[in-house]
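Scroll down for the structure; my scribbles are underneath it.
The values are calculated or read from the model by the stated rules, or taken from the named source; none is laboratory data. Owing to the predicted nature of the structure, the values given are computational and were not obtained by experimental measurement. Ideal geometry is used to build each Cβ from the backbone, glycine not excepted, and the neighbour counts take in all protein chains shown. Side chains included, ligands, DNA and RNA excluded: accessible areas come from the protein's heavy atoms. Shrake-Rupley method; radii C 1.70, N 1.55, O 1.52, S 1.80 Å.
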Amino acid sequence: MATGRRKANRTKKEETNWQERVIQIRRVSKVVKGGKKLSFRAIVVVGNERGQVGVGVGKASDVIGAVKKGVADGKKHLIDIPITKSNSIPHPIDGVGGGAKVMMRPAAPGTGVIAGGAVRTVLELAGVRNVLAKQLGSNNPLNNARAAVNALSTLRTLSEVAEDRGIPIESLYI
């Protein structure tokens, strides 16, 4: 019996290191034969503040169900991102999601997360502490969050670049 309890505690601990934040809850309706069917759409960002983040969308007839589905969807679409020692991103990057464009630049320690809306939430839950970001084009929260995830997923470290080129890391500094 004791081993079962320990196992349950361990799985609870693993679940608690994931943080989730709801970006938007929107009431949507579908016109059906009998009238309008109301449901809720929740956009949720899930991250562990240590380099993993995902954006999920859930739709249900109640808000709680929509948020749960959004969290599950976010965990399905997790990405790993490289974070520097100064809790920033390795290099400047742009991302696109729908009509939204996001521009991100690394920043010096102590700068903080200078970003707006959904992009700020994605960066904070990814564990990035010093970054400059700007939303361009659309101000739709879902597209901006997806653009931020798209930008973060294309980040590469120096060692990855050196490995792709087949050269030692030292020759990149020259």
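When only residues in segment 71-81 that are more than 12 Å from residue 49 (Cα to Cα) and part of a loop (DSSP other than H, G, I, E, B) count, which is least open to solvent (accessible area, probe 1.4 Å)?
78
Is it the case, given these coordinates, that residue 149 is touching a residue at least 24 places away in the same chain (Cβ under 8 Å), outside any strand (DSSP E or B), surrounded by 15 or more Cβ atoms within 10 Å (Cβ to Cβ) and β-branched (Val, Ile, Thr)?
yes
Inspect all residues belonging to segment 118-137 and state whether any of them is open to solvent by 70 Å² or more (accessible area, probe 1.4 Å), in a loop (DSSP other than H, G, I, E, B) and within 22 Å of residue 75 (Cα to Cα).
yes
If I ask for residues that are at pLDDT 95 or above and open to solvent by 10 Å² or more (accessible area, probe 1.4 Å), which ones from segment 39-51 would you list?
Passing the criteria: 39, 40, 41.
Any residue at all in segment 53-60 that's farther than 18 Å from residue 155 by Cα, over 14 Å from the mean Cα position of the chain (by Cα) and among the hydrophobic types (A, V, I, L, M, F, W, C)?
Yes, some residue in segment 53-60 is farther than 18 Å from residue 155 by Cα, over 14 Å from the mean Cα position of the chain (by Cα) and among the hydrophobic types (A, V, I, L, M, F, W, C).
Out of the residues in segment 83-107 that are assigned to a loop (DSSP other than H, G, I, E, B) and open to solvent by 60 Å² or more (accessible area, probe 1.4 Å), which is nearest to residue 137 (Cα to Cα)?
We begin by selecting, within segment 83-107, every residue assigned to a loop (DSSP other than H, G, I, E, B); these are 83-92, 98-99, 107.
Cutting the leftovers down to open to solvent by 60 Å² or more (accessible area, probe 1.4 Å) gives us 85, 87, 92, 98.
Details: 85: 31, 87: 27, 92: 19, 98: 10 Å.
Restricting to residues being assigned to a loop (DSSP other than H, G, I, E, B) and open to solvent by 60 Å² or more (accessible area, probe 1.4 Å), the top hit is 98.
Which one of the conditions (1) farther than 22 Å from residue 20 by Cα; (2) surrounded by fewer than 20 Cβ atoms within 10 Å (Cβ to Cβ); (3) not acidic (Asp, Glu) does residue 140 fail to meet, given that it meets all the rest?
(1)
Quick check, is residue 55 at pLDDT 95 or above, under 16 Å from residue 17 (Cβ atoms) and crowded, with 19+ Cβ neighbours inside 10 Å? Let's see the steps before the verdict.
Values: at pLDDT 95 or above: yes; under 16 Å from residue 17 (Cβ atoms): no; crowded, with 19+ Cβ neighbours inside 10 Å: yes.
Spelling it out, it is not the case that residue 55 is at pLDDT 95 or above, under 16 Å from residue 17 (Cβ atoms) and crowded, with 19+ Cβ neighbours inside 10 Å.
Filter segment 160-174 down to the residues that are of a type outside the set (Asp, Glu) and surrounded by 12 or more Cβ atoms within 10 Å (Cβ to Cβ), then identify the one that is nearest to residue 91 (Cα to Cα).
161
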